Amino acid sequence: MTVHSKLMVANWKMHGSLAANASLLADVLAGMADVLCRSAVCVPSVYLAQVQALLSGSSIGLGAQDVSAQASGAYTGEVSADMLRDFGVRYCIVGHSERRQNHAESDVLVATKAQRTLAAGITPIVCVGESLQERQAGQTEAVVKRQLAAVIHANGHCISEIVVAYEPVWAIGTGLTATPEQAQQVHAVLRAQLQAATAHADRVSILYGGSMNATNAVELLSQPDVDGGLIGGASLRAEDFLPMLKAASR
Ligand code: 13P
């Protein structure tokens, strides 16, 4: 359990266009009247300026999906944490499984990215999660603890300023969701690990991600250590995303 209200974060991944973003956010903003939870949208970096303007004056935070592990310099194609800060970015996903898998990001690299964002005053959303093979081999707890340990080790007392997202790889984009009990079990492990590292573990929101939708959100969010969601596919349509924000506002 966290001391904060629930946090619902959209991860648009590599979706969107100037027109589609404007239309989606207009629909989401029009439905925010009963939304009491915290919320954010993590958008492709080229759209940060557009979405910063669209969200201005709203309660929805702006987020990025990745950041460079370097501060600045000759790193063609990369975007630094200070650059994200320039555009009012409040949250940045680090260590998403799609980056760990497709870009061979190591636990140490992810921990460095978390450090960079914290130094820029941005909250890292640190993703952890096991593959299907690892779950079947009974390694779920060991994998997520190893992934989080690297971030705790690199960030010391700042660790209470992060957000953690448990995203079982087998549940991402597959329509397979962890059961509320499976999610709670892993979230409790992560909470205990945070408690061992900081007296302020109750400030850390632990989000669940992986095929979360308007139907399964209520039960997942009712678990004591599920403090919110990181939502891919279902965040791309206001009619799917808004009911999830409302479910997190109860
Ligand atoms: P889906 O909600 O599409 O399964 O994606 C989850 C995710 O990876 C969010 O970061």
Residues of segment 100-128 being of a type in the set (G, A, S) and open to solvent by 10 Å² or more (accessible area, probe 1.4 Å), in sequence order, are A104, S106, A119, A120, G121
In the set S39, S97, S72, S59, the lone residue that is of a type outside the set (K, R), open to solvent by 10 Å² or more (accessible area, probe 1.4 Å), within 16 Å of the ligand (Cβ to nearest atom) and modelled with pLDDT of 95 or more is S97
Among residues of segment 179-188 being among the aliphatic types (A, V, I, L, M) and buried (at least 19 other Cβ atoms within 10 Å of the Cβ), the residue nearest to the ligand (Cβ to nearest atom) is A183
Self-check item: Filter pass, K13 being on the phi > 0 side of the Ramachandran plot and open to solvent by less than 70 Å² (accessible area, probe 1.4 Å)
Solution: yes
Within segment 161-178, the residues that are buried (at least 19 other Cβ atoms within 10 Å of the Cβ) and either part of a loop (DSSP other than H, G, I, E, B) or near the ligand (Cβ under 8 Å from one of its atoms) (or both) are I162, A165, E167, P168, A171, I172, T177, A178
Would you confirm whether any residue within segment 217-235 is of a type in the set (D, E) and surrounded by fewer than 18 Cβ atoms within 10 Å (Cβ to Cβ)? yes
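For (1) hydrophobic (A, V, I, L, M, F, W, C); (2) over 22 Å from I93 (Cβ atoms), each residue gets a yes or a no:
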residue	(1), (2)
A199	yes, yes
V204	yes, no
G209	no, no
N213	no, no
Just one listed residue, out of V79, V43, V67, is of a type outside the set (F, W, Y) and in contact (Cβ under 8 Å) with a residue 40 or more places away in the chain, and it is V67
Of (1) of a type in the set (A, V, I, L, M); (2) assigned to a helix (DSSP H, G or I); (3) more than 10 Å from the ligand (Cβ to nearest atom), A214 fails just (2)
Flagged in segment 189-201 as farther than 22 Å from A247 by Cβ and either of a type outside the set (V, I, T) or within 16 Å of the ligand (Cβ to nearest atom) (or both), in numbering order, are A192, Q193, L194, Q195, A196, A197, A199, H200, A201
- Task: Could you tell me whether any residue of segment 148-164 is within 17 Å of L220 (Cα to Cα), in contact (Cβ under 8 Å) with a residue 12 or more places away in the chain and among the hydrophobic types (A, V, I, L, M, F, W, C)?
- Result: yes
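The values are calculated or read from the model by the stated rules, or taken from the named source; none is laboratory data. Keep in mind that this is a model prediction, so the values were computed, not measured. Glycine also receives a Cβ, built like all others from the backbone with ideal geometry; neighbour counts cover every protein chain displayed. Ligands, DNA and RNA are excluded from the accessible area calculation, which covers all protein heavy atoms including side chains. Shrake-Rupley method; radii C 1.70, N 1.55, O 1.52, S 1.80 Å.
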